[in-house]
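As structure tokens, the structure follows; a few thoughts come after it.
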Amino acid sequence: MNPIPPQQLVEAQQWRYATKVFDAAKKIPVPIWSALEQSLVLTPTSYGLQPYRFLLVQDTAKRTTLLPESWGQKQVMDCSHFVVFTARTEMKEPDVDKLIRRICVVRGVAPERLATFRGMMLQDVVHGPRGKSAREWAARQAYIALGNFMTSCAVLGVDACPMEGIEPAAYDSILGLDGSGYTTVVACAAGYRAVADKYASLTKVRYETAELILKM
């Protein structure tokens, strides 16, 4: 892999902003979207358990139904791709065993070799303290995916807008998540900014680096 120049990363981060107005006519090309999908799939998670699912809402009628449950934010309708980040509501032994089976297939190892790892996961995220707050733990994993997705968008020249201004319970009902073991956490609109979006030209306001990054 050839890493990009450091300044290119900084420029991409300076260029990006929470896009308020998308160009509804401009769609993300298939190869670029495929790469962004992989950025979601390849997101790191605790133990590699991937306690989430990403719902790509493309149906116009469904987006229309989601609009009033998104505080009327037009990004839901005008963006090219609308992703809803969901998280597990609880972790169970079958969730751990599913990952064990996947590791065995991908890496070609026997399940017996993963017995200690399996026991560690069960003791922690199923039967342990984190198991009692599995929904919150899984939501934090989903936010890691959101950050990874947004950075990937910026590097590829795609605009994005993270959206916490939504009604998760209503989203769950509209997207058929009730009783599925998953719940809505956050959403993200992706596409290309409209020329008329005044926020695109505003200078970023951030505290000084020395105030945010403390050297110990």
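I need the full set of residues from the range 171-194 which are more than 15 Å from S80 (Cβ to Cβ) and either in contact with a Leu (Cβ under 8 Å, 6 or more places away or on another chain) or free of Cβ contacts under 8 Å to residues at least 12 places away in the same chain (or both), in order please.
Passing the criteria: Y171, S173, I174, L175, G176, D178, G179, S180, T183, T184, V186.
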Legend entry - Identity of the residue in the range 13-44, part of a loop (DSSP other than H, G, I, E, B) and among the hydroxyl-bearing types (S, T, Y), that ends up nearest to the chain's Cα centre (by Cα): T43
Inset, instruction - State whether one or more residues within the range 63-76 are outside any helix (DSSP H, G or I) and crowded, with 16+ Cβ neighbours inside 10 Å. - result: yes
Inset, instruction - Looking only at the range 147-156, decide whether some residue is assigned to a strand (DSSP E or B), of a type outside the set (G, A, S), out of contact with any Gly (no Cβ under 7 Å at 6 or more places or on another chain) and closer than 17 Å to T86 by Cβ. - result: no
Inset, instruction - Kindly establish whether E90 is assigned to a helix (DSSP H, G or I), touching a residue at least 40 places away in the same chain (Cβ under 8 Å) and either out of contact with any Leu (no Cβ under 9 Å at 6 or more places or on another chain) or surrounded by fewer than 20 Cβ atoms within 10 Å (Cβ to Cβ) (or both). - result: no
Inset, instruction - Would you check if D172 is within 17 Å of K62 (Cα to Cα), in contact with a strand residue (DSSP E or B) (Cβ under 6 Å, 6 or more places away or on another chain) and not in a strand (DSSP E or B)? - result: yes
Inset, instruction - Output yes when any residue across the range 80-93 is of a type outside the set (F, W, Y), out of contact with any helix residue (DSSP H, G or I) (no Cβ under 6 Å at 6 or more places or on another chain) and over 22 Å from L177 (Cα atoms), and no when none is. - result: yes
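Bear in mind these aren't lab numbers, they're just calculated from the coordinates by the rules spelled out. Since the structure is predicted, the reported quantities are computational estimates derived from the model, not experimental observations. Cβ: placed from backbone, ideal geometry, glycine included. Neighbour counts: every protein chain shown.
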